[in-house]
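Q: Okay, here's the structure, questions in a sec.
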C-alpha cells in the first residue's frame, strides 16, 4: 500500500491524525518511532535548516529535496507544507507532480501571495478567490493517483475575516481539495466553528504562542478535526536544548552521558545494515556451474 493510500485509510478511520512536525530525517524517524501515524514536514523548519526565516524564501526543489530525504527515513505517510505552490496554477501543477513522485502522501497549498509569510505573522497578503481556486483545481488535476491528498489552506482569516476564510475553504473543497485547512483561527469560538461550517475534513494547526488559542488534542478531536499538525514542537525543543547544552559547554560543564553517540545508530537501522555486510559474501560460483 502506498503512503498516500495509508493516509486515506487513516482519514477514513474517523480517528484524528496527529502529525508532529519534522525538519529532517532524524526528527521524522523519531516521530515515527514514538508511534505517531503520520509525520508533517514543516516549511518553517525546512527554511530554518537552510538558514532562513519562514518568509517563502525556499524553492520548490529545496522543499521537495527535504521531503524526499524524510520519506526515505520513515514508513508512515508524510504530509508536507508546499507554501503557495511556488507560483501560479502552472507552478502548482508541477509542484504536485514533484511531491507525489517523491512519495509524499499529502501537501497543503495556501492563498497568500508569493513569497508568503508564516501563517501566524501579521501583514499577510492574499490572492483573489479566483486565483486560489485555479491553483486548487490544478493541484487536483496534476496528481497521478487519486490517493494523493490535496489540502487547501487559507490564510485569509487575518486579512479578510473569518467568514471569508470559511467560504474559501468550502470553495476549495467543492473544486477538488480533499481537506480544508483554515489557518490561525483567533478564538475558541472560531476553532469550534471551523468543523461545523466547513463541508469536509478539516486540519488544525497547533502553534503554541501563535494567533490560535491553546487547545489540547482530545478537545480538537472531539470538535471534529480530521488532522492536527504540531509543526514547532521538536523545532523549538531542539533550539532550546542546543542553547542550554552550548551554554553549559562554554562554562566547561558537560551534561551526564545517557547514551553514547554510536548507540543511537540502532535507531537508524544499524542492525539491518550490519546483516548486509556479510549477506552477499557467499562462495563464488564458477561460470560452469
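Q: Rank by packing, highest mean first: peptides 175-182, 103-110, with packing defined as the count of other Cβ atoms within 10 Å averaged across residues.
A: 103-110, 175-182
Q: When only Cα pairs under 8 Å and 6 or more residues apart are kept, what is the percent relative contact order across the stretch 9-81?
A: Relative contact order of the stretch 9-81: 36 percent.
Q: Further question: What order do you get for 146, 116, 250 when you list them from fewest to most C-beta neighbours inside 10 Å?
A: 250, 146, 116
Q: Which order, highest average first, do 241-247, 66-72 follow once you tally other Cβ atoms within 10 Å for each residue and take the mean per peptide? Provide the component values of the computation, followed by the final result.
A: On the way: 241-247: 10.7, 66-72: 20.7.
Averaged packing, sorted descending, gives the order 66-72, 241-247.
Q: Follow-up question, since we're still on this one. Of the beta bridges DSSP finds with both residues in the chain, what % are antiparallel, to the nearest 5?
A: Beta bridges within the chain, antiparallel portion: roughly 5 percent.
Q: Using only the alpha carbons, work out the radius of gyration and Dmax of the stretch 3-240 in angstrom.
A: Values for the stretch 3-240 (Cα only, Rg and Dmax): 15.8, 42 Å.
Q: Sort 130, 221 so the one with the fewest other Cβ atoms within 10 Å of its own Cβ comes first.
A: Ordered by Cβ neighbours within 10 Å, fewest first: 130, 221.
Q: Oh, and also: Which value in nm describes the separation of the simple spin-label points at residue 101 and residue 288, placed 7 Å from the Cα toward the beta carbon?
A: 5.0
Q: Right, something else. When ranked by the protection proxy of mean other Cβ atoms within 10 Å per residue, highest first, what sequence do the peptides 74-85, 201-212 form?
A: Output ranking for 74-85, 201-212: 74-85, 201-212.
Coordinate-derived values only; no laboratory data. From a predicted model like this one, the values you see are computed outputs, not experimental measurements. Using ideal geometry, Cβ is built from the backbone for each residue, glycine included, and neighbour counts are taken over all protein chains shown.
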